[in-house]
Amino acid sequence: MQNLVRHTLYLFLGITGLTAVITLAGVGYTWFFSEAKELPHLEWLIGSVLIEVVAVIVMLAKKGMKYLPDTQTDNEPKDTLKFMESFISAGTSATVVSNRVSWLVGDNKLISIFQSKIENGTRIEIITPNEVPEVLRENLKGASFIVTGESVSPEARFTLVNGDRSGAEKLAIARGVHPDHEITIFDNNSGPQIIAMAKDIIRKSKELSNAA
């Protein structure tokens, strides 16, 4: 499929280039060689070149945008929590990897969303290096808490949804602190390799937790 798209794009670029060459040749002939100083249908050729150039730009822009991740910058913690609510609600499973879970303990709305999805059969996993507060375990019965017990907290902070549905995964990676807390969202077009690495981190975290 990608080869077909590539060949179609090359063909379109070739037609545009050929039309431009014919148009320039016509303009040059009219200016330097033709006594009538007029070439039939020259305005159509010029117009078609302009339209084709615009079409190529739009096509390349649409193709390029498909492979760019979405980003957002949150000024306040409430903005991040609102994003998490929306992001997790869109998936059939969610794995949260964080060096701490204190941000989740006090968010009753997000906890209720987690609990609702758990009750509907959604798999929820929370991976963290430190022991999870008992109150959170009580509020999120049915969720899997994976404690790695690492002495040095990892820098990775991300949430993977639809991790058990190949091709439908979405990954949100957080970095920085408020008011410059940036979230980058990848899917299988914009970051299949990043998603694969996130899955590897999750798998190795589970192995580390089981070995502890």
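The values are calculated or read from the model by the stated rules, or taken from the named source; none is laboratory data. Note that the coordinates shown come from a computational prediction; the quantities given were computed from them, not determined experimentally. As a convention, Cβ positions derive from the backbone with ideal geometry for all residues, glycine included, and neighbour counts pool all protein chains shown. Please note that ligands, DNA and RNA were not included when accessible areas were found on the heavy atoms of the full protein model with its side chains. Shrake-Rupley method; radii C 1.70, N 1.55, O 1.52, S 1.80 Å.
Against the numbered list (1) loosely packed, with under 13 Cβ neighbours inside 10 Å; (2) over 16 Å from the mean Cα position of the chain (by Cα); (3) at pLDDT 85 or above, G167 comes up short only at (2).
Name the single residue, out of those in the range 170-212 being of a type in the set (D, E) and within 20 Å of E125 (Cβ to Cβ), that is most open to solvent (accessible area, probe 1.4 Å).
Filtering the range 170-212 for residues that are of a type in the set (D, E) and within 20 Å of E125 (Cβ to Cβ), the one most open to solvent (accessible area, probe 1.4 Å) comes out as E207.
Could you list, in sequence order, all residues of the range 155-164 that are open to solvent by less than 40 Å² (accessible area, probe 1.4 Å), within 16 Å of S205 (Cβ to Cβ) and not in a strand (DSSP E or B)? Please lay out each step first, then the result.
Going residue by residue through the range 155-164, those that are open to solvent by less than 40 Å² (accessible area, probe 1.4 Å) are 156, 158-163.
Restricting the remaining residues to those that are within 16 Å of S205 (Cβ to Cβ) gives 156, 158-160, 163.
A156, G163 - these are the residues of the range 155-164 that are open to solvent by less than 40 Å² (accessible area, probe 1.4 Å), within 16 Å of S205 (Cβ to Cβ) and not in a strand (DSSP E or B).
Cβ separations smaller than 9 Å between residues 6+ apart or across chains give the following pairs from the range 97-115 residues that are more than 12 Å from L81 (Cβ to Cβ) and in contact (Cβ under 8 Å) with a residue 60 or more places away in the chain to residues that are among the hydrophobic types (A, V, I, L, M, F, W, C) and part of a helix (DSSP H, G or I): V97/A198; V97/I201; V97/I202.
Within the range 71-95, restricting attention to residues that are part of a helix (DSSP H, G or I) and exposed (fewer than 12 other Cβ atoms within 10 Å of the Cβ), which residue is modelled with the highest pLDDT? Give the steps one after another, and end with the answer.
Just the residues of the range 71-95 that are part of a helix (DSSP H, G or I), to begin with: 77-89.
Next, from what is left, pick out any that are exposed (fewer than 12 other Cβ atoms within 10 Å of the Cβ): 78, 86.
On the way: K78: 84, S86: 87.
Ranking the qualifying residues of the range 71-95, first place goes to S86.
Within the range 116-152, the set of residues being in contact (Cβ under 8 Å) with a residue 60 or more places away in the chain and either surrounded by 13 or more Cβ atoms within 10 Å (Cβ to Cβ) or part of a helix (DSSP H, G or I) (or both) comprises E125, I127, I146, V147, T148.
Checking the stated criteria, S102 turns out to be of a type in the set (S, T, Y) and under 21 Å from G149 (Cα atoms). I'd like to check something: does the range 31-45 contain any residue that is modelled with pLDDT under 75, hydrophobic (A, V, I, L, M, F, W, C), under 30 Å from the mean Cα position of the chain (by Cα) and outside any loop (DSSP other than H, G, I, E, B)? No.
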